[in-house]
1. Which members of the stretch 26-47 meet the condition of being open to solvent by less than 40 Å² (accessible area, probe 1.4 Å) and part of a loop (DSSP other than H, G, I, E, B)?
2. Give the residues of the stretch 152-171 that are surrounded by fewer than 18 Cβ atoms within 10 Å (Cβ to Cβ) and at negative phi, sorted by residue number.
3. Name, by its number, the condition in (1) within 18 Å of the chain's Cα centre (by Cα); (2) more than 30 Å from Glu351 (Cβ to Cβ); (3) open to solvent by 30 Å² or more (accessible area, probe 1.4 Å) that does not hold for Pro140.
4. Report whether or not Asp333 is under 30 Å from Gly170 (Cα atoms) and either more than 22 Å from the chain's Cα centre (by Cα) or among the basic types (Lys, Arg) (or both).
5. I want to confirm something. Restricting to the stretch 306-316 and keeping residues that are open to solvent by 90 Å² or more (accessible area, probe 1.4 Å) and out of contact with any Gly (no Cβ under 8 Å at 6 or more places or on another chain), which single residue is farthest from Asp154 (Cα to Cα)?
6. Name the residue that is most open to solvent (accessible area, probe 1.4 Å), counting only residues in the stretch 213-243 that are within 26 Å of Leu387 (Cα to Cα), out of contact with any Gly (no Cβ under 9 Å at 6 or more places or on another chain) and part of a helix (DSSP H, G or I).
7. Testing Val295 on (1) part of a strand (DSSP E or B); (2) touching a residue at least 40 places away in the same chain (Cβ under 8 Å); (3) open to solvent by less than 50 Å² (accessible area, probe 1.4 Å); (4) closer than 26 Å to Ala264 by Cα, one condition comes back false. Which one is that?
8. Please work out which residue is nearest to Leu4 (Cα to Cα), limiting yourself to the stretch 349-394 and to residues that are among the charged types (D, E, K, R) and out of contact with any strand residue (DSSP E or B) (no Cβ under 7 Å at 6 or more places or on another chain).
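The values are calculated or read from the model by the stated rules, or taken from the named source; none is laboratory data. Keep in mind that this is a model prediction, so the values were computed, not measured. Here the Cβ positions follow ideal geometry from the backbone for every residue, glycine too, while neighbour counts run over all protein chains shown. For the accessible areas, the whole protein counts, side chains as well, though only heavy atoms, and no ligand, DNA or RNA atoms are used. Shrake-Rupley method; radii C 1.70, N 1.55, O 1.52, S 1.80 Å.
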Amino acid sequence: MYDLLVVGAGPYGLSIASHAAAAGLNLRVLGRPMASWRDHMPGGMYLKSEPWASNLSDPQGSWTLDRYCAGQGVQARHGEPIPVEMFAEYGLWFARNAVPEVDERMLTHLTRCPGGFEAVLSDGEALRARTVVLAVGVLPFVEIPSALRQLDADAVTHSSHHADLDRFRGGDVTVIGGGQAALETAALLAEQDTRVRVLARATELGWNDVPPPWERPWWRAARSPHSGLGPGWRNWFYSERPNLYRRLPEPTRTRIAATALGPAGAWWVRDRVERAVEVRLGHEVTAAQATSDGVRLELASADGQLTTLRTDHVIAATGFRATRERLGMVAGDVRGALAVSADGSPTVGREFESSVPGLFLAGLLTAGGFGPAMRFVHGATFTAGVLVRGVRRRLRTGATVPGRRLPGEAPAPARR
C-alpha cells in the first residue's frame, strides 16, 4: 500500500509529488504529465501569468521556469509572455528531474478500503494508498451555458476541447465569453482566416494593463506591489497569503472566489482582437438549435431586444465550475461524504484535507477555501508544501473512513 497516491500530473500534481518524494513518502503519480497544456490548448497561445509567477515547486526551488528557458537559449523576462508550448515542455523537464516516474494511466474509480483508498486505473488494475490527493486540474469542471448543453460536439465545444483550431479554417465560429480564453481563441481563429465573432454578456470588455517595470522607485512599489496575480495589494493578499485568506468568513471567501480577477484579456492580445474580431457586447444566448448548415442561436441583448444568429460552430469559453458532483471518478459514497461550501465546491481544512480523512484536494477545487491563487500555477508552491505536511500528519494518525468502520479498520482519530 502506498503512502500517497497523487492523481493528476499537471503543475499542482507534479509539485506535490516533488515535495512528497523529498519527504521520503512512498508514492505513485497518475496521469499524463501537463496534459491540459499539451493536449487542450491550441498552438500560438501564451501564458497570461508572468514567467516568475509560473514556476512549479520543488523543496529546494531548483527546477524553475527561468532555468529551463535559459537552457533553451531563451531569457524569461518580466512583461514578456511565454508560449504555452514552452511551458508544457518546462513541465515535462520538471517531471524528469524533480518527480518519481509518472504512471500515465488514468484513474477511473476511487473508493475507500480498509486503511485508506483503492484506485481502479484505466486498464483495470487496482492500487491502494493510505492517502490520496486529487490534483485533477480543470478539465473535469468545464462549464457550458445551459442554452447550449443539448447540442452535440459537432455544434458546440468548450474552449479547452481544442489542441488546434485548423478544423475551423475558412468557416464561421462564434465564441461565447469575455475572458482571456475567449479573446485569445478568437484572435487565433481570425489569424487563420476564420470568420469569428465574440458574444459576451458584459457591456464592455476588460483588459489587463501592461505590468509596471520590475525595478521601480520604492514609493511606486509600496503603492502597488508586484504579486503572482498581478500588481496591487489586493492581488498580493490573494497570491501571497492564502493561509490568511482561508480565515475570512465563508460567504466572503465564496464571493471573492467567484468575482475576483474577473473576465479580462491580456494586454498583449488586445490589438489582435480589436483589429480582426467582431465583438457583440451585452448579448446572451437564450436558446440554440442545430440546423442542416450549422447552429442557430437566439440572442437577447441587455435592453431586451431579441435577434437570431447563424454560425457553423460555437466555442464556449465560459470557464470551469469545480463542484463535488463533477468528481465523477470518485465513488458516490465518498463524494457524498465531502462537505461543500455555498458554491458547491468541497471544503478543505488548513492543510488541504477534505472532510473525508486521508483525501486531499488541490488546485481549482480549493479556490473557495484558499482564494483565487488556486486557479493559477502560482498557487502550486503554497499548496505543495502545506498539503504534504498535512499528508504526513494524516499518515501519523491514520487514514480512516468517517462515520462507520470497514472490516479490519481502526476507529477514527479526532480531527484537529
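1. If the condition is that a residue be open to solvent by less than 40 Å² (accessible area, probe 1.4 Å) and part of a loop (DSSP other than H, G, I, E, B), then Gly31, Pro33, Met34, Pro42, Gly44, Met45, Leu47 are the ones that fit.
2. Once the filter is applied, which keeps residues that are surrounded by fewer than 18 Cβ atoms within 10 Å (Cβ to Cβ) and at negative phi, the stretch 152-171 yields Asp152, Ala153, Asp154, His161, Ala163, Asp164, Asp166, Arg167, Arg169, Gly171.
3. Here Pro140 meets the rest and fails (2).
4. For Asp333, the condition - under 30 Å from Gly170 (Cα atoms) and either more than 22 Å from the chain's Cα centre (by Cα) or among the basic types (Lys, Arg) (or both) - is not met.
5. Leu306
6. This residue is Arg234.
7. Of the numbered conditions (1) part of a strand (DSSP E or B); (2) touching a residue at least 40 places away in the same chain (Cβ under 8 Å); (3) open to solvent by less than 50 Å² (accessible area, probe 1.4 Å); (4) closer than 26 Å to Ala264 by Cα, the odd one out for Val295 is (4).
8. Taking the candidates together, the pick is Arg392.
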